[in-house]
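Heads up, the thing below is written out as structure tokens.
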Amino acid sequence: MKKQLFLIMTILISSLMHSQDSLSHKNEKAKVFGVSPSKKTKNVNGVLLKYYDEIDNEITPKKVNGLGLGFNGLGIFFPVLLLVNIGSINSWEINNADFEDLPKKMNTINGMQLAIINMEPTVTNGFELSLSSNISAPSVINGVSVSPLYNFHHTTNGVTISTFANVSKKCRGLQVALINVCKDSKGLQIGFWNENEKRKLPLINWNFKSKKEKL
């Protein structure tokens, strides 16, 4: 009898806690305008203004349906440093790093991302325009990414266009830049110098079979 009462009480308490969680989740209304960093900003149907980038283990994941604006002034120095080291592109971290799972805490932007630089883990579904995208942060672009300097992505599904370099771990689509580098490619590379897991070629390079398909 005591065991049955204990079981009933446990079920009632767990049900009450679940209902409270559901209510609190429903009461979390999406904002039309949000700022970041901010623990109160999680869902935005409109515009997100990001004035500073959080590091991976401190990031509060945000979902944006609309426009993400990034104005982290500190990040403007990174493209200059990379420009000086353009000759040693093979030593850039994203090129040599082993494949690893993307972090669980990632922003999601469904729409457009406009930024000086992005240094937070982000999945962009749509269009991305930045001075130098996704430095020191794993990211995914499902769509089109354009930069006057560099594009860095963990995964590219679509098109990346930049002046100097496109660097990705996994590519499914088209890379267009002075230098294009991808470790797991399926698609085309057009530029002065192109590298994938199969070959290194000037002007144009290709691979239409991914690593999994080769196994």
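Evaluating 6.51 cos²θ - 1.76 cosθ + 1.60 at θ = phi - 60° for every residue in the range 104-119, the Karplus couplings come out as 5, 8, 10, 6, 10, 10, 9, x, 9, 10, 10, 8, 5, 7, 10, 10 Hz, glycine and proline recorded as x. Taking each of K50/K105; K40/K170; K42/K169; K170/K209 in turn, the alpha-carbon distance tops 23 angstrom for K40/K170; K42/K169.
Just so you know, all these numbers are worked out from the coordinates, no wet-lab data involved. Just so you know, these numbers come straight off a predicted model, no measurement behind them.
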